[in-house]
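Reading through the structure tokens given below for one structure.
The values are calculated or read from the model by the stated rules, or taken from the named source; none is laboratory data. Owing to the predicted nature of the structure, the values given are computational and were not obtained by experimental measurement. Heads up, the Cβs are rebuilt from the backbone with ideal geometry, glycines too, and the neighbour counts pull from every protein chain shown. The area values use the complete protein model at the heavy-atom level, side chains included, leaving out ligands, DNA and RNA. Shrake-Rupley method; radii C 1.70, N 1.55, O 1.52, S 1.80 Å.
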Amino acid sequence: MKIPLFVLGLLNAADAFVAPQKCPSANTHLFMSDRYGVGVNDRARLNIDSGVGSGGAISRRRGDVLDLTEIWEDSSPVIVQGGSLRTWSFANPAIESVQVLLKTEGRPLDADVELWQGPDNTPHKMRVYVEDGALRTFNAVIGTPRGPNTVAIRNIGQLEFPLDAVVRPDRDDGLAAGIASVATRSETIQGGALRTYPFNPTVDSVAIILKTDGRPLNARIELLQGPNNNKQVVELYTEDGLDRPFFAIVETPGSGNVIRVVNTAPVEFPLYASVDAYRVGGGIDWPDDGLMIGRAF
């Protein structure tokens, strides 16, 4: 049966007013991302392990601990010229720990950090060396129980290598608490022994805790990037590793980073070390073929 032309014209005109049909449903599920932009699903797909050994990455939410940039902006850094000494005194006995930050403008950093408690009493001291003080800011927490206490920082570098220092009280929910919540796994390092902890390029910083059962703590912490290439070295002494444990954040930009902890004390003085990933970097594209795009190491 033939349909008249005017009927076909009416049908075509009616089709113009029909609501468009929905496209087949697409998967628009957004995966949950961590603090630094690498999604949980991406980690499983790309097999990214930012922890040590077979442990998974421990990510931290933004806002738990002040970022280093915020601390430098909110504080008033003190310039310590080469060969000079600066001190910070804390008379309040309620201040049980202080945060020490050191950086330069890209020059090497070489300093002595000591805790003075009374005349001729130095319960905590350390020697700090950083190859590039702008790329790897020194960030540590020193225990200061039973005040008053004084933190002394001496720049033992040349006059041409000044450094910026910030010494501030560490709150109960400050850096030490943040490090303790991340570095939960510990192992015993006997006197004279050492342990190494390799990390993937996705790890931007590492949390370190060193303590003892009340005995003195003598240790050396090294950041290696390549064979015998020390990027950062900390020689540490603490009179009581239980009363004054050592907390630190070590920046690990680039690839091939290895943390080496050496117990320089005799065999009778073991220590307990907790080393784990603290900040996992984002913004790095890792295609399936393994080539890296968007960042040069």
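When you check residue 74 against the structure, is it open to solvent by 40 Å² or more (accessible area, probe 1.4 Å), out of contact with any His (no Cβ under 6 Å at 6 or more places or on another chain), modelled with pLDDT under 90 and over 20 Å from residue 167 (Cα atoms), yes or no? Full working, then the answer.
Working: open to solvent by 40 Å² or more (accessible area, probe 1.4 Å): yes; out of contact with any His (no Cβ under 6 Å at 6 or more places or on another chain): yes; modelled with pLDDT under 90: yes; over 20 Å from residue 167 (Cα atoms): no.
For residue 74, the condition - open to solvent by 40 Å² or more (accessible area, probe 1.4 Å), out of contact with any His (no Cβ under 6 Å at 6 or more places or on another chain), modelled with pLDDT under 90 and over 20 Å from residue 167 (Cα atoms) - is not met.
Report, by residue number, each residue of region 211-222 that is touching a Pro at 6+ places or on another chain (Cβ under 9 Å), open to solvent by less than 40 Å² (accessible area, probe 1.4 Å) and not in a loop (DSSP other than H, G, I, E, B).
217
For the subset of region 164-184 comprising residues that are in a loop (DSSP other than H, G, I, E, B) and surrounded by 14 or more Cβ atoms within 10 Å (Cβ to Cβ), which member is modelled with the highest pLDDT?
This residue is 170.
So, in region 223-243, of the ones that are within 20 Å of the chain's Cα centre (by Cα) and crowded, with 21+ Cβ neighbours inside 10 Å, which residue ends up nearest to residue 259 (Cα to Cα)?
223
Could you check how many residues of region 255-268 are in a loop (DSSP other than H, G, I, E, B) and crowded, with 19+ Cβ neighbours inside 10 Å?
Here the count works out to 1.
Select, from 224, 217, the only residue that is more than 17 Å from residue 113 (Cα to Cα) and among the aliphatic types (A, V, I, L, M).
Among 224, 217, only 224 is more than 17 Å from residue 113 (Cα to Cα) and among the aliphatic types (A, V, I, L, M).
Rundown of residues vs (1) surrounded by 21 or more Cβ atoms within 10 Å (Cβ to Cβ); (2) touching an Asp or Glu at 6+ places or on another chain (Cβ under 6 Å); (3) under 24 Å from residue 231 (Cβ atoms); (4) in contact (Cβ under 8 Å) with a residue 40 or more places away in the chain, yes/no style:
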site: 88; (1), (2), (3), (4): no, no, no, yes
site: 92; (1), (2), (3), (4): no, no, no, yes
site: 109; (1), (2), (3), (4): yes, no, yes, yes
site: 128; (1), (2), (3), (4): yes, no, yes, yes
site: 133; (1), (2), (3), (4): yes, no, yes, no
site: 162; (1), (2), (3), (4): no, no, yes, yes
site: 190; (1), (2), (3), (4): no, no, no, yes
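Quick grid of which residues meet (1) at pLDDT 90 or above; (2) within 20 Å of residue 143 (Cα to Cα):
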position: 205; (1), (2): yes, no
position: 214; (1), (2): yes, yes
position: 252; (1), (2): yes, no
position: 284; (1), (2): no, no
position: 287; (1), (2): no, no
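Hey, any hits in region 149-158 for a residue that's in a loop (DSSP other than H, G, I, E, B) and open to solvent by 30 Å² or more (accessible area, probe 1.4 Å)?
Yes, region 149-158 contains at least one residue that is in a loop (DSSP other than H, G, I, E, B) and open to solvent by 30 Å² or more (accessible area, probe 1.4 Å).
Just one of 105, 114 is touching a His at 6+ places or on another chain (Cβ under 8 Å) and farther than 16 Å from residue 245 by Cβ; which is it?
On inspection, the qualifying residue turns out to be 114.
State yes or no: is residue 280 modelled with pLDDT of 90 or more and among the hydrophobic types (A, V, I, L, M, F, W, C)? Quick ask: steps written out before the conclusion?
Numbers: modelled with pLDDT of 90 or more: no; among the hydrophobic types (A, V, I, L, M, F, W, C): yes.
The answer is no for residue 280.
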